[in-house]
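Contents: one structure, followed by commentary.
The values are calculated or read from the model by the stated rules, or taken from the named source; none is laboratory data. Just so we're clear, the structure is a prediction, and the values are computed from it rather than from any experiment. Cβ coordinates were reconstructed from backbone atoms using ideal geometry, including for glycine residues, and neighbour counts include every protein chain displayed. Accessible surface areas use protein heavy atoms only, side chains included; no ligands, DNA or RNA. Shrake-Rupley method; radii C 1.70, N 1.55, O 1.52, S 1.80 Å.
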Amino acid sequence: MTQDEMKRNAARAALAFIPANTIVGVGTGSTVNHFIDALGEIKAQIAGAVSSSEQSTARLKALGIPVLDLNTVERFSVYIDGADEINPQRHMIKGGGAALTREKIVAAVAETFICIVDNSKQVDVLGKFPLPVEVIPMAAAYVSRELAKLGGRPVVRENVITDNGNLIIDVHDLQITDPLATEQQINGIVGVVTNGIFAHRCADIVLVGTAEGTQTLK
Ligand SMILES: O=C[C@H](O)[C@H](O)[C@H](O)COP(=O)(O)O
């Protein structure tokens, strides 16, 4: 089975966690694209979606799924999103597609975060995947110097502007042994919008696509 088939199986397994008539929070990325396609098949049974990126919004709308403004929604039951890495504590690195800030905001409003991944995303310690940090453009050099003091190797992602008009710095070579502390520490640097560690808001349920089938971890 290919990696993409494992992603698709994990994405389709998430449909079983969506209550009838609910608003669905939708993440971003290649795994979520499979989920959006599956959501299109049950669109008559949901109340609409809240999206975490322009890319996902376009895909949802193309399938005729209504996209709601988050400011009009007080709370909703499930948020479905992928991850670049996930550890056994269900802490994640996200933002490989530069959508981390809106993802973190939408996830904060959801009761349950369901993470859909193929098994290549599972790690013991976060940090092999370079950690994305969204920064206000004028702060990029300062933030890079501060990130280097933490022991990482910051590299501004070329030719990428986020949906919020900001830059992404990818921090290479960070061993993130305390994700809660590192998430907070990086978010404390002036000029950082947010970073791609999702530890304070980790996943509640993980659906892992494997060659033997999709596993559910809680
Ligand atoms: O910004 C992008 C998101 O955080 C994605 O959830 C993450 O990069 C995983 O994407 P994919 O499903 O394409 O591996």
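Within the shell of other residues whose beta carbon sits under 14 angstrom from the beta carbon of Leu147, the net charge comes to -1, with Lys and Arg scored +1 and Asp and Glu -1.
Report the charge-dipole magnitude of the chain in Debye, nearest 20, computed about the Cα centre from +1 at each Lys and Arg Cβ and -1 at each Asp and Glu Cβ.
I would put it at about 120 debye.
When the chain is treated as a Gaussian network with alpha carbon springs shorter than 10 Å, the biggest mean-square fluctuation among Val24, Val143, Val155 belongs to Val155. Summing Lys and Arg as +1 and Asp and Glu as -1 over all other residues whose Cβ lies under 13 Å from the Cβ of Ile161 gives a net charge of -3. Per residue, the accessible area of the chain comes to 45 Å² when a 1.4 Å probe rolls over the protein heavy atoms. By the helix-only formula, in which each DSSP H run with n ≥ 4 contributes -39500 (n - 2.57) and the sum is divided by residues, the chain has a 222 nm mean residue ellipticity of -8500 deg cm²/dmol. Shown is the FRET efficiency for Asp124 and Ala47, computed with R0 = 45 Å from the Cβ-Cβ distance and rounded to the nearest 0.05: 0.70.
Counting charges near Ser52 (Lys, Arg +1; Asp, Glu -1) among other residues having Cβ under 11 Å from its Cβ returns a value of -1. A simple rule links phi to the HN-Hα coupling: the Karplus curve 6.51 cos²θ - 1.76 cosθ + 1.60 with θ = phi - 60°, which for segment 84-94 gives 8, 8, 9, 9, x, 7, 6, 7, 10, 9, 9 Hz, with x for Gly and Pro. Taking Cα atoms only, the orientation of helix 3-13 departs from the longest principal axis of the chain by about 60 degrees. Among the trypsin sites (Lys or Arg not before Pro) in segment 52-82, those placed in a DSSP loop whose Cβ has at most 14 other Cβ atoms within 10 Å are Arg75.
Summarised in one figure, the compactness ratio Rg/Rh of the chain, Cα atoms and Kirkwood Rh, is 0.96.
Over segment 85-147, what portion of Cα pair distances is larger than 18 Å, expressed as a whole percent? The calculated P(r) of segment 85-147 puts 47 percent of pairs beyond 18 Å.
Quick check on my link table: of Lys128/Lys149; Lys94/Lys149; Lys104/Lys149; Lys94/Lys128, which ones sit more than 20 Å apart, alpha carbon to alpha carbon? Cα-Cα > 20 Å for Lys94/Lys149; Lys104/Lys149; rest within.
Residues whose amide H lies under 5 Å from that of Thr210, counting only those 5 or more places away or on a different chain, are Gln215; hydrogens are built 1.01 Å from N in the peptide plane.
Can you give me the % of accessible surface on the chain that is carbon or sulfur? Probe 1.4 Å, all protein chains present, nothing else counted.
Answer for the chain: carbon and sulfur cover 50 percent of the accessible area.
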